[in-house]
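One structure is given here, and the rest of the page talks about it.
The values are calculated or read from the model by the stated rules, or taken from the named source; none is laboratory data. Since we're looking at a predicted model, the values are computed, not measured. Here the Cβ is made from the backbone with ideal geometry for all residues, glycine too, and neighbour counts use every protein chain on show. Surface areas here come from the heavy atoms of the whole protein model, side chains and all, with no ligands, DNA or RNA. Shrake-Rupley method; radii C 1.70, N 1.55, O 1.52, S 1.80 Å.
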Amino acid sequence: MDSPRIRVLPQHLVNQIAAGEVVENAASVVKELVENAIDAGAARVTVEAERGGLDLVRVTDDGCGMTPDEAILAIERHATSKIASAEDLAAIRTLGFRGEALPSIASVATFEMATRTRDADAGTRVSAAGGTVRSEPAACPPGTSISVRDLFRDVPARLKFQKGERTQSAAIRDVLDRIALANPRVHMSLISNGRRAVEHLPCERLADRVAVVFGREASGETADVAGGRDGVRVTGVLGEPSRAKPDPSRVVLLVNGRPVFDLAIRRAVASAYGVLLPQGSWPVAVVRVDLDPADVDVNVHPRKSEVRFRSPREVAGIVFGVIAEAVASAPWSASTTVASPAPAGGASAEGRMGGASAGGPIDPAWTGAREAIALPWPAPVEAPPPPLRDHDLFATPVASRGRMRFADLRYVGQVANTVLVCEGDGVVVFVDQHAAHERVNYERLWRGLSGGGIASEPLMFPEVVRLPPDEAGRVEDAVPSLARAGFEVEPWSGDSVAVRAVPAVLRGRSAAAVVRECLAAASDGSEASGDSRIRKVVATVACHASVRAGDPLDEREARALLASMDGIDLAGYCPHGRQSVVVHPLPAVLRWFGR
Amino acid sequence: MEFTAAKKDFTTALGKAQGIPEQKNLSSVMANVLLESVGTDAVRLTAQSYEVTLVTTFPAKVAIEGRMALSGRSLFDATRMLPDAPVSLKGLPNHWADLVAGRTEYKVPGILPDNMPDRQEPQTTDEVKVPREMLLEMVERVGFAMSSDEGRPNLNGIFLKVDPLAGNARVEAVATDGHRLARLVRQVGEAQAPHAFGVIVHRKGVAELKRFLDEADTEVAAGFQRNAVVFRVSSGYLLVRQIELDYPDYQRVVPTDFKWKFTVDRTEFARAVQRAAVVISADKTPLVRLKLEGGRLQVLAQDPERGDAHTEIDIQYSGEPLEISYNNRYLLDALGALPGHDVLLSVKDLSSATTVANPSDEGVLQLIMPVRV
C-alpha cells in the first residue's frame, strides 16, 4: 500500500476546512453576511431565513454594492476590500477583513449573489455550487443580496450536528440583535419562514434600540454611559439593576462596533454596579468600547467573537470607572426621586402625569397607558418609537423628577410587620423595613469606616463561636477585615474563635451568627480584594443590626427609619441589591378602583 | 360552680394572673384560667404558661362548689369594666360562665376544666425567707439588664444565688445581656439551705413576680427545686421555670483595680446624658462621650446629621484626664436603677467594664461596657 504523500490541497477543500472554523451554523452565516453589509455602508439590512437558515439565508442590503470583477473576486479565498497591507491589519476599522467568509460559505452551500453599485446600469449575478463559479449580468437594485441555500448539504458530518430549527432561529435572532445594538442607525429586519420576526427601525439613540431589542420590561429605566480616558472611549446604556436576571448574555459588549465576548469586561460591568446587583444576576447593559484599533487585536478568532486588548486590565479598569460613575448618577440610584408638583396649570395629578416631557423621551415610569397607546406605530423614523409593552407602567422603584424626602411622607402604617406604607405628594410609597434599614446601616458603617472607624463594643463575656472546619483555617486571614468592621476575634481552640468585641451597632444581638457569616464573607474567595471583603463584612453587620422582616415597629420607630433614609445614597436598594422602596403614583392606585 | 366575691379581692387575684395565660392563640387551653372552690369561703385561681405557674387564693362566698376554666382574656377585659359591686360567677352547662356585678352581666367563654393541664405543684428542697422589698428591688434594679436574645438562653433571666451564712443568708441577684450587668446583694433572714446554690429565674417569671408581689406579705419564702424557683406567700405561690444552663462567671468581669474614679450627682448626671441624647437619632447606636478633666465632667454626643450636644457638670476630681464612650441607653438604665443621691463611676481601662455604684450602698452594682470609637 502506498504511504500517504504530502500534497497541497485543492482550493475547494481548503475552503471547506476554513468553513469549519468560520461557518459553524446558520447564525454564523448571518453574522458574516450582515457584517459585510454593515461594512458596505448599508442603511437597511434584511435577513430572510427559512427552516432556521438551513434551507435559505438571504441577506439583502442597500450598501455600496460591487462591480462585476469584484463580485467574482469576492468569493476567492483571501479576497477582501477591507485591507490591503499588513499596516491595515494592525488598524482594522471594519468588521471583516480576513477574506474568508464568502469562499467558506460558498464551499459548504449553494451560493448566489446579486450585486450592483449605485452608478452601474446593470448588476451582476454570481453563483457558486460544488466548487464552480459562474457569473452573468443581471437586473437588481443597488446593494448586495446574497442567498445561501442548502447549508452543509455537502458536509453531512456538519449537517448531522446542526441543532433544531427553533434553536437555529433563536441564534440568528440573537446574532442580529447584537449587530443591531452595535449599529442603532441601521434598519434591520428578519423575515423567518416568510413571517416578519424582527423589525429594528433606525434609532438615533442607543437607548431606544436597547429598549426595542430587550424590551423595557427587561431593562427597566436605562441610564446612558459616556466617558473614558487614555484613548479609550466607553459609551452605552445601562439597565436597571432591580431587573437583573441570572443571564450574563444580557451584558452586550461592543469593541469598536463589533459584538464580542470578554469575561473581564463583563465582570467589570457587573462590579461597577457594585452592591446594587444581586450576586450572579446581570442587568441589561450595552457597553461600547472604542479605542485605537492598534490597541486591540481582533484577529484572534476566525469568527472574531473574541478580541485581545493590548492592556486588558487597563481597559477593564476604565470600563469599570466610567460605568461606576454612570451607575452612581443613574436615576435608579437616586431612587428617592418622584414626581415633583406639577407646574402651574397641571393642577390635578392626572394632568401631571400626562404632562410628561413634550420633546424628550417618554419616561415609562410616569406615563399612563393611555398616553402610550395614543402613540403611532410604527413611528416616523425621525422620532424613534417609545416602547409600547411595559407591564409595569405603574409600579416603579424610582422615578425621575424632583426629590422626595422620606421624612416628609405621611406614615400610614406597617403591613405584615414588614412593609411600611406611606403617603407622599401624589404617590403611595412602600418601604421594605429590613432592606431600607440595612442600607441605612450599611451607609453609616461605611461612612464610619472611612471616617474615624466603626464603634466597637467589647463583650463582657467573650463568646466562643464554633466554626465549620474549613473556615476555621481561614480565620487568620479574615481577622484584619473583621477588626476594621469593629470585631475583635482571635483563634481559640480547635475550630473555635473567641469573640471579644463586636460592632456597637449590633446592639446586644448574639455575636455567634454574625461572626460566622462575617468570617465567611471575609475569607470568601482568594481573589476578592481587601476592599470587597470589607464591604461584604460591613454588609453582613448592617444586615444583622437592622430591624427584620416581621419585627413590629411602632410609629416612632418607623418615622425614625424613614427620616434616616434621607441623605443616604441608594436608599432604594439594600446592600445586596434588593429593592427597598416602591413608589406607586396615586392616580394609578385610584385607577384600580376606576376613580 | 358558683361564688360571690368582693370586687377588690377578685380583681387583685386576676391582676396577678393577667400576664400569664396565652394571649395570642386564644383557642389554646393555656389561654384559660382555672377557678376552684376551696371549701365554702375561698376560691383558688390558677394561671399557667410554659414558664410560669401562678396560684392565688382569694376570699369568696361559695354557693356551689366545683371548678371552672374560663378564658383569661375575656375575664380580664370584662372584670376591668365591671361596676363597683360584689362580683358573682356562675358556671353554665356549656362550660361558659355568667359574670355579674350590679346590673351588668357578661357571659364569659370557658372550656371543660378537665382539659386544663395539671397544675405544677411546688416540691422545694431548699428555702430562704426573703423580704418582699428585696424581691421588688431585684426586679427593678437588676431585671432590666436581662437579655432577650434567644441566642443566649442562659442570659434570659435573673441569676439568683443563695449562700447560707451562720443564721442567715446572703442572696445575690444578677442579670446581664453581655453588654451591661446589674447585681444586687442583700443579707436576708433565716435560710433552710444546707449548701450554696444558684438558679436562673426565667425572664417571664421576673415580669410576673412584680405583679405577684402586689399586695402580698412582707416576707416571701423563696424555695428552690430541681427545675423551678417557687415564691410563696400566704395566699399562694408563683412557680417559675428555671433555665437549666450555666450562668457565665460574672465575678470575673467585675474589675477591682481602677485607674479613674469619680463621684457625680446622680440626677444631674442622668439629666446631662438625656440632654446629650437629644441629638442621637432613635435608630442609631446611641453613643455618649464623657470627658473628665480637672474639676469638670463633660457629657457629649454628636451626630453627623443632627448636630452636637455638650453639657458640663462640676465635680470633685483632680486625677488623670479620661475620655470614654458608652451606649447612652445602658448608662441611663444603670443610673436609673441605682439608689441614692450620688453615683460613683470607676474605670479600670477602656476595654473593661466600668462600675457604676452608689457610694453608700455597696449592695447595688451596675457594670457597663465602654464602646471604643
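Observations on the structure shown:
- Taking all protein chains together and rolling a 1.4 Å probe, residue A:404 ends up with roughly 20 Å² accessible.
- Highest-fluctuation residue, B:224, B:144, B:76 considered, GNM on chain B with Cα pairs under 10 Å: B:76
- Peptide-level mean, for B:150-156, of C-beta atoms on other protein chains within 10 Å: 3
- Accessible-area order (highest first, 1.4 angstrom probe) of the listed residues A:140, A:574: A:140, A:574
- Under the Debye formula (equal points on every Cα, no solvent term), log10 I(q)/I(0) of the stretch B:254-368 at q = 0.12, 0.18, 0.24 Å⁻¹: -0.39, -0.89, -1.53
- Cross-link partners of residue B:7 among aspartates and glutamates (Cα-Cα below 17 Å; sequence separation of 8 or more within a chain): B:41, B:77, B:84, B:98, B:105, B:214, B:215
- When A:516, A:125, A:216 are compared by accessible surface with a 1.4 Å probe, the order from highest to lowest is A:516, A:125, A:216.
- In this structure, residue B:41 and residue B:244 have a Cβ-Cβ separation that, at R0 = 35 Å, corresponds to a calculated FRET efficiency of about 0.35.
- Counting only other chain Cβ atoms within 10 Å of each residue's Cβ, the peptide A:553-562 averages 2.
- Shape call, chain B: gyration tensor on alpha carbons, a/c limit 1.5: prolate
- Electrostatic tally near residue B:89: other residues with Cβ closer than 14 Å to its Cβ, Lys and Arg +1, Asp and Glu -1, net 0.
- 20 Å reach of a label modelled at residue B:104, 7 Å along Cα-to-Cβ, counting backbone N of the stretch B:69-92: B:70-91
- Rounded to the nearest 500, the 222 nm mean residue ellipticity of the protein assembly as shown from helices alone is -8000 deg cm²/dmol, with -39,500 (n - 2.57) taken per DSSP H run of at least 4 residues.
- Highest-fluctuation residue, B:331, B:82, B:155 considered, GNM on chain B with Cα pairs under 10 Å: B:82
- Among the listed pairs B:24/B:161; A:536/B:291; B:8/B:210; B:204/B:261; B:129/B:204; B:16/B:61, those whose Cα-Cα separation exceeds 25 Å are B:24/B:161; A:536/B:291; B:204/B:261.
- Charges were assigned to the Cβ only: +1 to each Lys and Arg, -1 to each Asp and Glu. The resulting dipole of the stretch A:203-282 about its Cα centre is roughly 180 debye.
- Nearby lysines by direct alpha-carbon distance to residue A:163 (threshold 23 angstrom, same-chain neighbours under 8 apart not counted): A:31, A:304
- Per residue of B:250-262, other chain Cβ atoms within 10 Å of the residue Cβ number 1 on average.
- Listed peptides A:433-443, B:360-370, B:10-20 appear in the order A:433-443, B:10-20, B:360-370 once ranked by packing, highest mean of other Cβ atoms within 10 Å at the front.
- DSSP beta bridges in the protein assembly as shown [antiparallel fraction, %, rounded to 5]: 95 percent
- Shape category assigned to the protein assembly as shown from the gyration tensor of Cα positions, a/c cut at 1.5: prolate
- Accessible surface, 1.4 Å probe, highest first, among residues A:198, B:278: B:278, A:198
- Take A:110-120, A:495-505 and order them by the average number of nearby Cβ atoms within 10 Å per residue, most first; the result is A:495-505, A:110-120.
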